[in-house]
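Colleague: Below are the structure tokens for one structure; questions will follow.
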């Protein structure tokens with residue numbers, strides 16, 4: 001049985017040029033261009049439940065996640081929260097304020113303890129004007145974000161609730177080649193997972209019970225044991241490649 005653990009970066013790794021080059025926004029930039037952002041970045045630890053920024057606030061920084069999870073959400077006029085995305089390590093957020101008069105278009109709350117880099121918004125704005133490659137990377141990042149939402153919508157339309165949960169669990173696995181099963185921990189609480197997958201709590205509980213019966217998975221607290229990857233894959237019909245499943249998390 002193989003146990004899956006979340007990869008974490010220490011503070012030195014997060015501020016290194018190698019880490020920055022692994023983020024889509026900074027990929028393939030000249031070293032001196034990447035260094036401008038790395039030198040300006042400040043790392044800070046955030047506790048679960050704390051807010052990184054609120055919708056409509058003026059942006060002083062944009063952010064890169066080193067570890068942990070962040071919930072992006074919109075608040076309706078009636079005060080309802082609409083979960084837009086759950087993002088984790090190597091993801092950026094807050095950068096699209098540049099297209100909204102410098103204001104954040106959603107709120108961001110820490111879903112699990114996180115280490116996050118803050119980088120001055122004005123630096124991004126200045127560099128986008130003089131660096132075509134950075135502008136292209138920004139466009140690429142936006143397209144990837146849109147594609148994730150398209151895949152998520154496709155999943156909602158094609159998959160039953162138990163299949164969506166199964167797909168979510170498979171997306172947490174680093175490989176689908178493991179035949180003897182894996183043990184992993186849910187990345188954040190079940191209420192958020194349900195919201196991410198477009199379900200109410202009661203629907204999620206019923207769907208989880210069906211998934212247990214159909215695939216033989218075991219869930220104790222946040223610990224999940226997948227006895228047979230093949231059985232789970234067969235249940236979700238293999239409609240998505242592993243890469244695509246990771247993108248919709």
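Read-outs: derived from the displayed coordinates by stated rules, not from any lab. The shown structure was predicted, so the numbers you read here are calculated from the model rather than taken from an experiment. Cβ: placed from backbone, ideal geometry, glycine included. Neighbour counts: every protein chain shown.
Colleague: Could you tell me which numbered condition residue 90 fails, if it satisfies all but one of (1) exposed (fewer than 13 other Cβ atoms within 10 Å of the Cβ); (2) within 23 Å of residue 25 (Cβ to Cβ); (3) touching a residue at least 60 places away in the same chain (Cβ under 8 Å)?
Modeller: Result: residue 90 passes all but (1).
Colleague: For region 165-186, which positions are closer than 22 Å to residue 109 by Cα and surrounded by fewer than 19 Cβ atoms within 10 Å (Cβ to Cβ)? Break it down stepwise before answering.
Modeller: First, the residues of region 165-186 that are closer than 22 Å to residue 109 by Cα: 168, 172, 185-186.
Residues satisfying the conditions are 172, 185, 186.
Colleague: A further question follows. Identify, from the list 208, 192, 184, the residue that is farther than 24 Å from residue 157 by Cα and in contact (Cβ under 8 Å) with a residue 24 or more places away in the chain. Step through it out loud before you land on a result.
Modeller: Working: 208 fails: farther than 24 Å from residue 157 by Cα; 192 fails: farther than 24 Å from residue 157 by Cα.
Unique residue meeting the criteria: 184.
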